[in-house]
Amino acid sequence: MVGHLPDGDRLVERLAHLASIDGGLAVVDETRWAVRRLFEAVYAEPAILLVDDVDGVSFGFSSFLGDIVRALDSTPLLIVCTAAGETPGITDTIPMAPFDTATAERWVDARLDAAGPGVAGAIVGALGTNPLALEHGLALLIGTSALSRDAGGWNLTTNPTAVPPAGSTRDVLDARIRVLPADVRATASLAALGGTTVPVPALLAGGDGGSQADVERHLAELAEQHILVAEGTTLRFVHPLVREAAAAGVPPATAADAHVRSARTELDAAGPRRRRHAGAAGTHLAAAVLLRGNAAADDPDRVDAIDLLSIAAEHAADVGDDAGAAILERRVAVLVEKSDPLRAELLLRAAAHEVETGRLHEAEAAINAAMAATVGVPGDGIDHRVRILRASLRASIDRTTLDAARAVADEAYERSAELEDGWGLACAAALRGRVHAARGHAAAVVDDLSEAAERARASGHPIEAARALRGIGRALLDGPMPVERAIARCERLRADAAGHPLTEQDLAGVHAVLLARQGRFDEARALIADAIATAEGLVAGADLAVALHRAGVIGWLAGEFHAAEPPIQRALAAAAHARDDRLRASIAASWANLVLATEDRVEEAMALADVAETWATDPTALVGWRTARARALVRLGDVERADRLGRQAVSLAEQTDSSDLRANALLHLAEVLRLSGRPNEAQPFERRAFRLLDRTGASAQAAAVFRNLSPESDAPSPEKDDDADLVPEDEPVTEPVIEEDDEPGPGPEAASEREPIGDEREIIEEERPLPPPIAEAFAASSEAEKKKRGRFRR
């Protein structure tokens, strides 16, 4: 089916692993790509794909399907999902509300064809207006002779006792199941334990359902009663609630035996492909163990359940189903003794996977469960990793927790070093990198994440190593490293990222922007075009947004402002589809500044700045929305507020070591000053921005600034530079090292002190409080920071 396609062998490998077929190879970045190519091969013409009960699978599956459909190149495919409730991730929903009373009465009249006077109203009054309750309630009334037909049509007996007084849908279904003959009810109950699809009759014959012939007769009767419905050669329950009602009356011992039979039969039929059925069979065995209670540690069903569910969880993680992996890991943890360290490890993995889904409340609950599981577990390695996970999650959404997160990282690093726990060291270093990134300390991010990547790779965690490489690449864009050195470092990172397609394309995008800063625009455009094509092919929404935004930045650097806008516009839409609010903030801030580059589109800029302000957490967005709003306000004549915001942006940018961010903030403030009629005050900011860009080798940006400098404000020569406003050259920082064998690494570049500039006025605070500072004026340059980093580095 797909082997003849370009990259057919690779496609077959990915799909084979997805279906748990031997010979498959997992690359988590390529799961969406493989499914997209499969859909394009199968659906050559317009088609509708119906997915029933989509809420019965893990969170994210519906979003996965939506991402696939949006990425299809030429196949017109409509995917329709049915669910009992509103499913997260599906934006286009058609809620099926209960009928109103009049509609319900008309429905009853139509089903009965000839109802007596007032019968429809009485039935609706007793059963409610839910179509499922009405359908099974009518069958219940007819089956118990509470509703009978005579010459005048269908009529109710006086006070029909079969109708439950509560009138809920579940009550009606329970009553419907109870009035079935005992042997038919027993077969329905056993069938319900197998899931929505009914097992083969031979599998049900070993329980209370009688012989295989009896079971077949019972199933036929259930189909006649519309409790089951035929789908090809199989039968399934008409609704999940009907299945739940049927399963409710099974004694625990009988249910346990039925689950074991289902699991063993499924495994026997699977033969050598046990992995393909690991999740279903393991779930059946786990249910049997829990129903029996007090299973011994060496109980075969318990041992097999743990093994099978662990395999299924690993497979889910391999294909990128984080929510599914978390569900399965928690299912295994229930079977493990509380004193067993494996239980805490499983709950930690489940919590980590929940964090990846982006569901904050569920992730916090999972972390709490993992933290509780570490109580009484020997050693504290797992405990520290749980604390790191919690600190990382909280730091990503609340800047006030950064100090606490750093303390957790340092404590965990020290303890992991004592335990010689390489993975623990990698986690601690990664958390330190996250804290530094949130504070705008890009040079320190490179240090920490380089260590995290190396240790993660050495401890057998390649995905986490690739994630760290991405962070390093982004820090190269943000940090003070000269562009030429950053390009060389980025080339090495791209080589290290081989085998991780999304990381490779992300680093290619970084490389492209760095080349553009040197004025090498043709090379940059070619690289970013490949990165965009890769992200589109892999159906990676957030990565596509980043690549498109970088394409816009490259156009901006080339002075092609109108050409830069379409990719940034697409980037914002892609970030919204990916539900990445922080990314939306950064892109919105960038776009807001772009629309003012050549045109006075003030209203658009203000609206985009509002979006950025709403979701801003990182330094780029925090500075960007302020500069955009300042530039818009000065065009509206609100000079005072524009001046305040522009100076706030410069102040925040100065607390980072990002030459690019600082230079842009200075240039935007200079623009505000010029438009407010103060060109003399603007000139020192422009000269300062030029120096920053020139010193880092961003020649294209520096040349653009130099062209706009007025003759009297041209940058002075290096031999004679008496401008007080220029940023002094940063002093190199050497970190103290405890061990004699350690080589001192380069420390984070210290932030330049902000100097008074000419007759610059003091920054006036706005009425609203300022946000928490991005950093404590480069704490990395303080003695306390030096001691911490020197003490814990290995």
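The values are calculated or read from the model by the stated rules, or taken from the named source; none is laboratory data. Please read these numbers as outputs of a predicted model, since none were measured by experiment. A quick note on method: Cβ atoms are made from the backbone with ideal geometry, for glycine too, and the neighbour counts reach across all protein chains shown.
Couple of notes before you dig in:
- Subset of the range 286-300 (residues that are in contact (Cβ under 8 Å) with a residue 12 or more places away in the chain and over 18 Å from R343 (Cα atoms)): A288, L291, R292
- Positions within the range 408-423 being in contact (Cβ under 8 Å) with a residue 40 or more places away in the chain and either among the polar types (S, T, N, Q) or buried (at least 24 other Cβ atoms within 10 Å of the Cβ) (or both), in sequence order: Y413
Yes/no per residue for (1) assigned to a helix (DSSP H, G or I); (2) among the hydrophobic types (A, V, I, L, M, F, W, C):
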residue	(1), (2)
D600	no, no
A612	yes, yes
A621	yes, yes
T627	yes, no
A632	yes, yes
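- Failed criterion for T103 (all others in (1) modelled with pLDDT of 90 or more; (2) under 23 Å from V242 (Cα atoms); (3) among the β-branched types (V, I, T) hold): (2)
Each row is one residue, and each column tells you yes or no for (1) modelled with pLDDT of 90 or more; (2) buried (at least 17 other Cβ atoms within 10 Å of the Cβ); (3) out of contact with any helix residue (DSSP H, G or I) (no Cβ under 8 Å at 6 or more places or on another chain).
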{"position": "A682", "(1), (2), (3)": "yes, yes, no"}
{"position": "R691", "(1), (2), (3)": "yes, yes, yes"}
{"position": "A698", "(1), (2), (3)": "yes, yes, no"}
{"position": "Q701", "(1), (2), (3)": "yes, yes, no"}
{"position": "N708", "(1), (2), (3)": "no, no, no"}
{"position": "E712", "(1), (2), (3)": "no, no, no"}
{"position": "S717", "(1), (2), (3)": "no, no, yes"}
{"position": "V733", "(1), (2), (3)": "no, yes, no"}
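So that you can scan it fast, the table gives a plain yes or no per residue for (1) more than 20 Å from A255 (Cβ to Cβ); (2) in contact with a helix residue (DSSP H, G or I) (Cβ under 8 Å, 6 or more places away or on another chain):
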residue	(1), (2)
A278	yes, yes
R292	no, yes
P300	no, no
V303	yes, no
D307	yes, yes
A313	yes, yes
D318	yes, yes
D321	yes, yes
E329	yes, yes
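- Among the conditions (1) among the hydrophobic types (A, V, I, L, M, F, W, C); (2) outside any helix (DSSP H, G or I); (3) within 18 Å of the chain's Cα centre (by Cα), the only one that V375 does not satisfy is (3).
- Residues in the range 197-220 that are in a loop (DSSP other than H, G, I, E, B), modelled with pLDDT of 75 or more and small (G, A, S): S211 alone.
- Total residues in the range 536-563 satisfying the condition of being part of a loop (DSSP other than H, G, I, E, B) and either surrounded by 24 or more Cβ atoms within 10 Å (Cβ to Cβ) or among the β-branched types (V, I, T) (or both): the figure is 2.
- Qualifying positions in the range 106-122 - in a helix (DSSP H, G or I) and either out of contact with any Leu (no Cβ under 7 Å at 6 or more places or on another chain) or in contact (Cβ under 8 Å) with a residue 60 or more places away in the chain (or both): R106, D109, A110, L112, A120, G121
- Evaluation of T627 against the conditions (1) under 17 Å from L667 (Cα atoms); (2) buried (at least 17 other Cβ atoms within 10 Å of the Cβ); (3) in contact with a Leu (Cβ under 7 Å, 6 or more places away or on another chain) shows that the sole unmet condition is (3).
- Residue satisfying condition, being touching an Asp or Glu at 6+ places or on another chain (Cβ under 8 Å) and either assigned by TED's automatic domain parsing to the domain that holds V57 or buried (at least 17 other Cβ atoms within 10 Å of the Cβ) (or both), within set A363, A351: A363
- The listed residues are A524, A571, A533, and the only one of them that is surrounded by 23 or more Cβ atoms within 10 Å (Cβ to Cβ), among the small types (G, A, S) and either at pLDDT below 95 or under 23 Å from S74 (Cα atoms) (or both) turns out to be A571.
- Within the range 1-51, if we keep just the residues that are out of contact with any helix residue (DSSP H, G or I) (no Cβ under 6 Å at 6 or more places or on another chain), under 26 Å from T82 (Cβ atoms) and of a type in the set (G, A, S), the residue that is modelled with the lowest pLDDT turns out to be A19.
Rundown of residues vs (1) of a type in the set (V, I, T); (2) touching a Ser or Thr at 6+ places or on another chain (Cβ under 7 Å); (3) assigned to a loop (DSSP other than H, G, I, E, B); (4) within 27 Å of G460 (Cβ to Cβ), yes/no style:
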{"site": "A369", "(1), (2), (3), (4)": "no, no, no, yes"}
{"site": "G379", "(1), (2), (3), (4)": "no, no, yes, yes"}
{"site": "L393", "(1), (2), (3), (4)": "no, no, no, yes"}
{"site": "L402", "(1), (2), (3), (4)": "no, no, no, no"}
{"site": "E418", "(1), (2), (3), (4)": "no, no, no, yes"}
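- Residue pairs whose Cβ atoms lie under 6 Å apart, separated by 6 or more positions or on different chains, with the first residue in the range 633-655 and under 17 Å from E681 (Cβ atoms) and without any contact (Cβ under 8 Å) to a residue 60 or more places away in the chain and the second part of a helix (DSSP H, G or I) and β-branched (V, I, T), are V634/V672; A642/V634; A642/V672; G646/V672; A649/V623; A649/T627.
- Within the range 278-337, helices (runs of 4 or more DSSP H) holding 1 or more residues that are more than 25 Å from T357 (Cα to Cα), at pLDDT 90 or above and of a type in the set (G, A, S): 278-292, 300-318
- Of residues in the range 382-399 being among the basic types (K, R) and within 15 Å of E362 (Cα to Cα), the one surrounded by the most Cβ atoms within 10 Å (Cβ to Cβ): R390
- Complete set of residues in the range 585-601 that are crowded, with 17+ Cβ neighbours inside 10 Å and more than 21 Å from V705 (Cβ to Cβ): A585, S586, I587, A588, W591, R601
- Lone qualifier among A612, A649 - being crowded, with 24+ Cβ neighbours inside 10 Å, of a type in the set (G, A, S) and in contact with a Phe, Trp or Tyr (Cβ under 8 Å, 6 or more places away or on another chain): A612
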